[in-house]
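Visitor: Sharing a structure, written as structure tokens. Questions coming.
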Amino acid sequence: TLNLSNNKKLTFVNVSGNGEMASLNVKGCTELTTVWANETGLKELDLTGCAKLYELQCDVNQAITSINLTGCSSLRLFTCQNSESLSKLVYDDLSALTTLKYGHTQISLTKAQLEQLTQVTTLGCAARYSDTGVLDLPDSMKSRLTYLECQNNNLKALDLSEYPNLTILHCYWNNMTE
């Protein structure tokens with residue numbers, strides 16, 4: 001457990017590698033802009049009200065089940081990949097988000113939810129295990145996406161011909177047949 005609550009001047013926290021740490025309290029850390037919490041023992045992460053939070057990296061957290069980003073309207077980079085127990089993502093406004101990587105989690109974002117992320121240019125949605133064999137992204141992302149990770153999705157075909165700004169693509173370990 002790490003209690004950093006009410007540290008009004010705290011801007012950066014790196015707790016990565018603390019594999020046994022079960023909780024992190026940052027309530028009242030109003031200046032917090034960056035949290036790195038990779039490879040920890042966190043079960044949940046509540047960043048409610050961290051309005052200045054710009055970057056959150058919480059990759060490879062096998063115990064984490066829930067992340068609350070309510071009030072994190074400045075968040076631009078959010079990665080939580082390879083956190084396979086993560087099934088709950090709570091947020092109200094992620095309109096500033098430009099990078100979202102949630103591969104190998106249980107988070108399920110609908111096409112409508114992705115549509116609301118109007119600034120996303122980097123998307124990592126690996127291992128989302130498509131039942132249809134089709135990657136179904138909103139049309140609005142076509143002109144914006146520059147980076148796409150869609151590997152290990154059971155995709156049978158992938159048409160990215162209408163993604164003119166795409167510069168990096170990871171689509172290995174699929175079932176491309178067409």
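Visitor: Can you give the net charge of the other residues whose Cβ lies under 11 Å from the Cβ of W36, counting K and R as +1 and D and E as -1? Can you show the working numbers first?
Guide: Values: positive: none; negative: E39, E55, D59.
Local charge sum for W36: -3.
Visitor: Then there's this: Measuring from a point 7 Å past the Cα of V90 along Cα-to-C-beta, which residues in the stretch 60-74 have an amide N at less than 13 Å?
Guide: Answer for this model: 65-72.
Visitor: Express the relative contact order of the chain as a whole percentage, based on alpha carbon pairs under 8 Å and six or more residues apart in sequence.
Guide: Reported relative contact order: 12 percent.
Visitor: Turning to a different aspect of this structure: Between T98 and S66, what FRET efficiency follows from the Cβ-Cβ distance if R0 is 35 Å, with the result rounded to 0.05?
Guide: Efficiency, from the Cβ-Cβ distance: 0.90.
Visitor: Which one, Q151, Q113, Q62, has the greatest fluctuation when you compute a Gaussian network model over the chain with C-alpha springs under 10 angstrom?
Guide: Sorting by GNM fluctuation, first place goes to Q113.
Visitor: May I ask you to rank F78, F12 by accessible area, largest first, using a 1.4 Å probe over the protein chains only?
Guide: The ranking, largest first, comes out as F12, F78.
Visitor: How large is the accessible surface per residue of the chain, computed with a 1.4 Å probe and reported in Å² as a whole number?
Guide: Heavy-atom accessible area per residue stands at 49 Å².
Visitor: For the stretch 96-172, treating each Cα as an identical point scatterer without solvent, what Debye log10 I(q)/I(0) comes out at q = 0.23, 0.26 1/Å?
Guide: -1.17, -1.54
Visitor: Which one of I107, I168, I67 has the biggest mean-square fluctuation once the chain is modelled by GNM with Cα springs under 10 Å?
Guide: Result: I168 has the largest fluctuation of those listed.
Visitor: Going through the cross-link list K88/K111; K9/K88; K8/K111; K27/K88; K43/K142; K8/K101, which pairs have a Cα-Cα distance over 26 Å in this structure?
Guide: The answer is K9/K88; K8/K111; K43/K142; K8/K101.
Visitor: At a 1.4 Å probe, what is the % contribution of carbon and sulfur to the accessible area of the chain?
Guide: Summing carbon and sulfur atoms, their accessible area is 48 percent of the total for the chain.
Visitor: Oh, and also: What is the Cα coordinate range of the chain on the first, second and third principal axes, sorted by size from largest, in whole angstrom?
Guide: Principal extents (Cα only, largest first): 54, 29, 24 Å.
Visitor: Calculate for the chain the 222 nm mean residue ellipticity that helices alone would give, adding -39,500 (n - 2.57) per DSSP H run of length 4 or more and normalising by residue count, nearest 500 deg cm²/dmol. Walk me through the numbers on the way to the answer.
Guide: Values: 1 runs with 5 residues, N = 178.
It comes out at -500 deg cm²/dmol, rounded to the nearest 500.
The values are calculated or read from the model by the stated rules, or taken from the named source; none is laboratory data. Note that the structure is a prediction, hence the values are computed from the model and not measured. Cβ atoms come from the backbone with ideal geometry, glycine included; neighbour counts cover every protein chain shown. Surface areas here come from the heavy atoms of the whole protein model, side chains and all, with no ligands, DNA or RNA. Shrake-Rupley method; radii C 1.70, N 1.55, O 1.52, S 1.80 Å.
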